[in-house]
Structure formats: C-alpha cells, structure tokens
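S.K.: Okay, handing you the structure first.
Please treat every number below as a calculation from the coordinates, not as lab data. Just so we're clear, the structure is a prediction, and the values are computed from it rather than from any experiment. Cβ: placed from backbone, ideal geometry, glycine included. Neighbour counts: every protein chain shown.
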Amino acid sequence: MKIHIKNGRLIDPSGGIDAQADLFIAAGRIAAVGAAPDGFAANRVIDATGRVVCPGLVDLAARLREPGFEYKATLESEMAAAAAGGVTSLACPPDTDPPLDEPGLVEMLKHRARHPGFAHVYPVGALTLGLAGERLTEMAELHEAGCIAFGQAHAPVVDTLVLMRAMQYAATFDFPVWLQAQDPFLGRDGVAHDGEVATRLGLPGIPVSAETIALSTLLQLARDTGVRIHITRISSAAALEMIVAARASGIAATCDISINHLHLSDADIGYFNPHARFAPPLRDRRDCDALRRGLAGGAINALCSDHAPVDDDAKQAPFGEAAPGASGLELLLPLTLKWAGEMKLPLGQALARITSDAARVLGLAAGTLAVGAVADVCIFDLRGSFRVTRESLRSQGKNTPFLGRELPGRVCCTLIEGHVAFENEVSEKTHARLRG
Amino acid sequence: MRNPQLNRNGGLQHLLTIDGLPPEILTAILDTAAPFTEVAEREVKKLPLLRGKSVFNLFFESSTRTRTTFEIAAKRLSADVINLNISTSSTSKGETLLDTVDNLSAMQADMFVVRHASSGAPFLIAQHLAAMGLEHIHVINAGDGRHAHPTQGLLDMYTIRHYKQSFANLVVAIVGDVLHSRVARSQIHALIALGVPEVRVIGPKTLIPTDVDKLGVRVFHDMRAGLRDVDVVMMLRLQNERMQGALLPSPQEFFKYYGLTADKLECARPDAIVMHPGPMNRGVEIDSAVADGPHAVILPQVTFGIAVRMAVMSMLAGG
C-alpha cells in the first residue's frame, strides 16, 4: 500500500518542520517528504488541502480497562477512540484487574492489541505485585513481555525501603519508573484540593503537601539509586518547581500533566460536578496557570489524556463517592490546540508535547515523520470547531468535564503503520463541498 | 451557571445551601416563619397549606432531632409524611441514590427532605430531578456531609433576630469543630448575607478548615480573645469520633481550652446569647451551668426550628 498525502501543512516537531509539503508512505513507513521517490505510484491519494499533517499522537496514559473492567470499556471501543483522536501510540497504566504484574497478562494484552488499525500499545508494568507496595514484580520478564516502564498508577508504595529497592532493581536493568507523587496519609480521606473551594463545599481536602512530600521522597531516592524517573500527572506549581530544581541538581526527572489539569481548576467543581473529580485533584487557578506555562516552556515534558473511561453508575454519585477520572483520548488533540491558541504558541511547539516529546519519555522512535520512520500520521482540520457530546465520543466512557464544550481540531484521518485506521466521513463530505 | 436551587424567576425551587442565596429570600423565610410560631400555641396546631402533598424524609444518615422537627413541621402544614431510613434499607441492597429517588418520584412525591453523609448529595438529587423533568418535586437539604444544613442556619438566624432584633451591629462567634460542621458553614453564609459586620470562628487549628477566612470570617485560636465583646456565641457539637485521628488529644483538654464555661462567657457582652444546634455534649463543648443558664437560648432554637421549617416547606410547595 502506497499512500500520497498531498497539499497538507506538514508539521513535524521532531524535525522542526512546519511547511507545505507532501508526504509519501510505502510499506508502512515514511518513504519521502516533499518530492516523491523515483517511480512512486500511489495506491491512494489523500487530499490534505487546508489541513495539518502531523505525526500520530503519543499518549503517555490511556486506560483500556482490560483485563478486568470490561464493563467500563473494551480494547475495541478504546482503540476506536484512540484512532478517532489521532492517537497512534499509547502507554497504559498497570491498574487493571488483575494488575499488569505478570508476564502472561502483558503478553495477552499485547497480543489482543496487535491488530491492524489499532494503536501501538505500550504497557507500564506494575512495580510491585498486585500494586500492593510490598514485593517486587519480575521486571525483567515483564520487560521482555513488552513493558516499557514500571509504575504503580494511583497506588502508593508506603514502605520507603520497598520503594528504594524497587528503584534499585529497575535501575539495574535501566528500566524507567513512572510514579505519581501522592502521600498516602495526607491525601487519605480527601477528594478535592484543600483550599477555599473545598472549604466552601465541605469536601475533605488533599493539601499540596501531599504531592510535594511524596515528590521529595521520589526525587531523593531517584538520585540515590540512579533510576530513570518519570513523574506522572503533577498537579501543583510547587511540584513543578521541585522538579525543575531537581534537574538543576542533576536528577534527570521528567514529568507530565493531563489535559484536565491543563484546562481546569478546583473552581470547575462548581456545584459538586462529579466530572471534575480527579486523582490527583484539580488544584487552584494559580497552579493551573503554572502548569500551562510549564508545559509551554518545556519544563513539563509531555501532555497526556489520562484517559480513564468510567461507567455512568460510578459517576452519578455525590462528588466524594464518584469515581475519579474522565475519557480523554479523543480530546487530547483538541485540548492541546485550545491551549496553544490561548497561549499563542507556535503549533509545532504545542504538538511536540503530544508527539516527539512524549515519545522521548517513552524511549521510542515514535512521534516523528522522518524518512524511514513508521508511518503513524494524524491529519486534522484547524478550521472550525466541534461540540463534545456523549454521541460524539467513541470511547465507552462518556464522562468528561468537557461535555458540551466547543473545541477546535477535528481529526480527519489517522494512519497507523501506513494503514488508514480512521477517516471522518462527515468531515470528508464537508471537505468535498468546500473544494466545490 | 445558574444557582440550581433557584427557578427561572429567581424564586426558591429547592433549599440546598444558604451560600449564594440573596438576602431578600433569607429575610422572606424568616418573615414567613414568624406567624407559624403562634400555630404551636393553638389547640389545633394545623394549617392546610400542604394538604394533599407528600413529603418524604429521606435520611441516608441517622438523625432523630432533625427528622422529627421536619416531620412535625410537615404535619402542621397538613402534609402526608413518609419517613425513610435508607441507611438500613435500599443502599444495603445495592440500590444507587438515584435509583431510590426515581422510585420515590414514581410514588408521586412532592418534596424530598434529604440528609446524606456525602457533601453535595442533595444537589445531585436536584439536578437529577431537573434532568428527568420532575421540576414539581422540591428538595430540602437536611444536612449533607460537611457542606450545609440550611434550615439549621435559618433557624439560628431566626433566633438571633428574635433576641437581637437586627443583624446590623452584631459580633458573632462560632466555636468548636468548624472543619467537620455543615452547621457552621450555613451559619457563616447566613450571617454574612444578612449583614452581620463581624463573624468569628474559634477553635484549634486542627478543627478550622483551610482558607476559611476567604468565606469572610476572622479566625481565633484563643477562645477568650475570640469571645471578647461578642453578642452571640454559637457553639458547635463535637462528635466523639473526633478523638480518633489525631485531631484532639482528649475531651478534657478540649473542654479546658474551647469548652464554653461561665468564666469564659464573661468575655462576651453581658447580654450575649448562647446557642447550640444540639445534641449537646455537656462537659465537652459546653458546661451545664451555661447550657442551663440565663444566656442560653438553646430550647427556643428548637421551637423556632419547626416554624422555620414550616416556612421553607410552605414557600417551596404551598399554593
């Protein structure tokens, strides 16, 4: 299958390219950029006039809910959501049921995900058995089965000796650890950021120190063990400052934030909106502003969807009883574009956080349109906007705080390894009409 | 976002919290309550305002006093009252909160009086009723988690107005476990909305919520300083379970530093009134000499509570 994507605005942050250029794909890889290779005869020509052609998105956290939570979502439903969102590579956290703590489970997940039109799935293995924070998993075996890193999702490792040994063991094989910073005690009963909003609404609070104290532990142990550490889903300005300071002292920590924390603060809880319940919690406006600047400047390495499909029953409960999390795969690109527009960032700089920069955290040669790279491509329309509705979401999880919002950036077409994984028929028709 | 407890005309659709309610509505409730206090003095203590209406007391958390006063208020308005203690029935069978609401709505309920251990539960019910097109059903929050207990806040305002006539020049202190108190939050919003110039909260730092000053109150940790020249002392109940979880060392130490004694009350104005939402822990947050003393207006609070609840119910569902 040879594909010629013509007349698009090609943005490839990894190569610093933002120009009108054609893209040529053969045998599942990028064959050429600009001029066609000698004797290239396309099986299919995709007209990208007026559209942006960029690398397929790399999402550092998308829960597929398999195994164990098939009532919330299935691989099929979430892979359709990924393709519709332009996401072609994703890392999935280990908090499945059972957790991804033994090689057989990881092999099964990789096997199920190996399907044309499905995004590349990179499991994050459990750092400890059952995520219980007591015994180490067989990390080397899990790595051979396909795990690209080891983490705990939302589960803490309470025992710092276990944490240090897990880091030492991971460092032995140079496996990265991906950990969230939340002290299990300070955040124990909390459901919202400890501040004016939580006080007014009578919601038990989670102080910022729950994040910074745990972060301090993680950073110090990372320094002592030499493990490569990635801090997932930071939520506060104070945490970001600590990571920046740690880097200056030689600890090569990376970090990411979610699309929810990029756009929302605790004020969005409004009258107990359960869609605004997250772990870590939405912090206040100043924290949100600091995260937005940190992502723009690159101090925060990547933006992820933190996709967590939740069934309606689990969300239709009083705020503190509602399950945290929201669907996000299909909103990663639109919310990146919204942020880029509001911050007046060059498109290439913004897209880097969900393509090449995210791929660097993953340690993969993804998120690029360089010649020879796997042909994972996202084509989207910058013009116009669309309304987020339950019907518009392909994910089985229909819960997001962005329901009803108008967002920019409709994905027109997604290619995974040179195969068309998604095409937006509506927009194809509109496009044909626009061309006359 | 429209305040979900107001209807399109700005009138009261539900009573969920005092936060955000215009002072005119608060005053209207107090004014409506005034004549209802006389109903209790009559031989026949009934008015026909809610005749034929069904009031469901939905108590997901146990309560005797509040449920009883709502029941009396509804019965004095001639409503049919159905009491449901749900903590011991449906939810233990796996029914969700909204399932329960749907079932009771199908039984032609006109009003839900809701108590729930989770902050915001009555909002969820009100939003669900709106989504189902059941706008004729009204919701009264009878206490949700740490969030609000608006009828308690209103009956406290009624009591203050009864004894002090005006809110304009008062200094009011709220003492004790503000952190866990839905009563305190409703009191604070009501006092500020009605124009009390100085509202204080007094307690140890473990029982004062973060950023509470942003609600418009002054924070004191020294009870004597906090009580200086106050007109109204509003004591809060200290739950026994607060002795766990490292919030306080002992009831004795709490009483010594934050319990209201005659001695500490001398810091307040000579005509100060002492209030308590009940049930009282004598010897923990309040000394019996004060609770039974000349400054206490704790029993009148209970009486006024029925009139205030009648006022709220009749304004929501009457006529």
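S.K.: Which whole-number percent is the relative contact order of region B:125-208 (Cα, under 8 Å, 6+ apart)?
M.R.: Values: 107 pairs, mean separation 25.4, N = 84.
Taking the mean separation of contacting Cα pairs over the length of region B:125-208, I get 30 percent.
S.K.: Then there's this: Take the alpha carbon gyration tensor of region A:126-220, find the square roots of its eigenvalues, order them as a ≥ b ≥ c, and report rounded if a/c is under 1.5; if not, report prolate when a/b exceeds b/c, else oblate.
M.R.: Prolate, because a/c is 1.5 or more and a/b exceeds b/c.
S.K.: Another question, then. Given A:K72/A:K338; B:K53/B:K75; B:K214/B:K256, which pairs have Cα atoms separated by over 20 Å?
M.R.: A:K72/A:K338; B:K214/B:K256
S.K.: On a C-alpha basis, how far is the centre of region B:16-34 from the centre of region A:356-395 in Å? Whole number, if you could?
M.R.: First find each Cα centre; the distance between them is then 53 Å.
S.K.: When DSSP assigns beta bridges and you keep just the ones with both residues in the protein assembly as shown, what percent turn out antiparallel, to the nearest 5?
M.R.: Antiparallel bridges make up about 35 percent of those DSSP assigns within the protein assembly as shown.
S.K.: Please report the projected area of the protein assembly as shown's Cα convex hull averaged over all directions, in nm².
M.R.: 35.9
S.K.: Mind checking which aspartates and glutamates have their Cα closer than 12 Å to the Cα of A:K344? Skip sequence neighbours fewer than 8 apart in that chain.
M.R.: none
S.K.: Order of A:5-17, A:303-315 by packing, highest average Cβ count within 10 Å first?
M.R.: By packing density, highest mean first, the sequence is A:303-315, A:5-17.
S.K.: Projecting each Cα onto the charge dipole of chain B (Lys/Arg +1, Asp/Glu -1 at the beta carbon, about the Cα centre), which of B:L21, B:Q5, B:G278 comes out farthest on the positive side?
M.R.: So the residue we want is B:Q5.
S.K.: Go ahead and estimate [θ] at 222 nm for chain B from helices alone: -39,500 (n - 2.57) per DSSP H run with n ≥ 4, summed, over the residue count, rounded to 500. Let's see the in-between values first.
M.R.: Numbers: 11 runs with 117 residues, N = 319.
So the helix-based figure for chain B works out to -11000 deg cm²/dmol.
S.K.: Between A:E425 and A:R383, with labels modelled 7 Å along Cα→Cβ, what's the label distance in nm to one decimal, could you check?
M.R.: A separation of 2.3 nm, rounded to one decimal place.
S.K.: Also: Helix-only mean residue ellipticity at 222 nm, chain A, DSSP H runs n ≥ 4 weighted -39,500 (n - 2.57), per residue, nearest 500. What is it? Could the numbers behind the result be given before it?
M.R.: Details: 14 runs with 135 residues, N = 436.
Value at 222 nm, helices only: -9000 deg cm²/dmol.
S.K.: Quick one: length gained pulling B:N83 to B:A246 fully straight, 0.36 nm per residue minus the C-alpha distance? Provide the component values of the computation, followed by the final result.
M.R.: Numbers: separation 163, 0.36 × 163 = 58.68 nm, distance 3.63 nm.
Once the chain is fully extended between B:N83 and B:A246, it gains 55.0 nm.
S.K.: For B:L299, project a label point 7 Å along Cα to C-beta. Then give me every residue of region B:267-286 with its amide nitrogen under 18 Å of that point.
M.R.: Flagged as within label range: B:273-282.
S.K.: What number, in nm² with one decimal, is the all-direction average of the projected area of the convex hull of the alpha-carbon atoms of chain A?
M.R.: If I average the Cα hull's projected area over directions, I get 19.7 nm².
S.K.: With +1 assigned to the C-beta of every Lys and Arg and -1 to the C-beta of every Asp and Glu, and no other charges, what is the dipole magnitude of region A:156-294 about the Cα centre in debye, to the nearest 20?
M.R.: 220
S.K.: For chain B, find the longest principal axis of its Cα atoms and tell me its angle to the long axis of helix B:182-193, 0 to 90°, nearest 10.
M.R.: 80
S.K.: In Å³ and rounded to a whole number, note down the convex hull volume per residue for the Cα atoms of region B:238-302.
M.R.: Per residue, the Cα convex hull of region B:238-302 comes to 82 Å³.
S.K.: For region B:239-271, state which GluC sites (Glu not before Pro) are in a DSSP loop and have at most 13 other beta carbons lying within 10 Å of their beta carbon.
M.R.: B:E266
S.K.: Under a point spin-label approximation (7 Å from Cα along Cα-to-Cβ), what is the A:R135-A:A36 distance to one decimal in nm?
M.R.: 6.1
S.K.: Among A:I300, A:L362, A:T212, whose Cα lies farthest out toward the positive end of the dipole of chain A, if unit charges sit on the beta carbon of Lys, Arg (+1) and Asp, Glu (-1)?
M.R.: With unit charges placed on the Cβ atoms, the residue in question is A:I300.
S.K.: Can you tell me the relative contact order of region B:150-302? Whole percent, Cα pairs under 8 Å, sequence separation 6 or more.
M.R.: The normalised contact order for region B:150-302 reaches 24 percent.
S.K.: Defining a contact as two alpha carbons under 8 Å apart and six or more residues distant in sequence, what relative contact order in percent does chain A show?
M.R.: 20 percent.
S.K.: Further question: Between 0 and 90 degrees, rounded to the nearest ten: what's the tilt of helix B:23-39 against the longest Cα principal axis of chain B?
M.R.: Taking Cα atoms only, the helix is inclined about 80 degrees.
S.K.: Excluding the sites themselves, what is the longest stretch of chain B that contains no trypsin sites (Lys or Arg not before Pro) in a DSSP loop with at most 16 other C-beta atoms within 10 Å?
M.R.: Result, exposed sites excluded: B:52-227.
S.K.: When the convex hull of the C-alpha atoms of region A:280-436 is computed, what volume per residue in Å³ does it have?
M.R.: 148
S.K.: Note down the magnitude of the dipole of the protein assembly as shown about its Cα centre, charges +1 on Lys and Arg C-beta and -1 on Asp and Glu C-beta and zero elsewhere, to the nearest 20 debye.
M.R.: 1420
S.K.: Quick check on chain B: of the DSSP beta bridges with both residues there, what percent are antiparallel, nearest 5%?
M.R.: Of those bridges, close to 5 percent are antiparallel.
S.K.: Further, regarding this structure: Taking a temperature of 10 °C and a viscosity of 1.306 mPa s, what whole-number D in µm²/s does Stokes-Einstein yield for region A:293-353 with Rh from Kirkwood over alpha carbon pairs?
M.R.: This corresponds to a translational diffusion coefficient of 120 µm²/s.
S.K.: Longest span of chain A, sites excluded, free of GluC sites (Glu not before Pro) in DSSP loop with at most 12 other C-beta atoms within 10 Å?
M.R.: On the way: sites that count: A:E134, A:E391.
Result, exposed sites excluded: A:135-390.
S.K.: Further question: Report, to the nearest 10°, how far helix B:298-317 tilts away from the longest principal axis of the Cα atoms in chain B, using its own Cα long axis and a range of 0 to 90°.
M.R.: 30
S.K.: Across peptide A:314-323, how many C-beta atoms of other chains are within 10 Å of each residue C-beta, on average?
M.R.: 6
S.K.: What distance in nm separates the two pseudo spin-label positions at A:D174 and B:E24, each 7 Å out from Cα along the beta-carbon direction?
M.R.: 7.3
S.K.: Please work out the C-alpha center-to-center distance from region A:97-162 to region A:270-329 and express it in whole Å.
M.R.: 23
S.K.: Rounded to the nearest angstrom and ordered from largest down, what semi-axes does the equivalent ellipsoid of region B:150-302 get from its C-alpha gyration tensor (root of 5λ)?
M.R.: Working: eigenvalues 91, 61, 41 Å².
Equivalent-ellipsoid dimensions as semi-axes: 21, 18, 14 Å.
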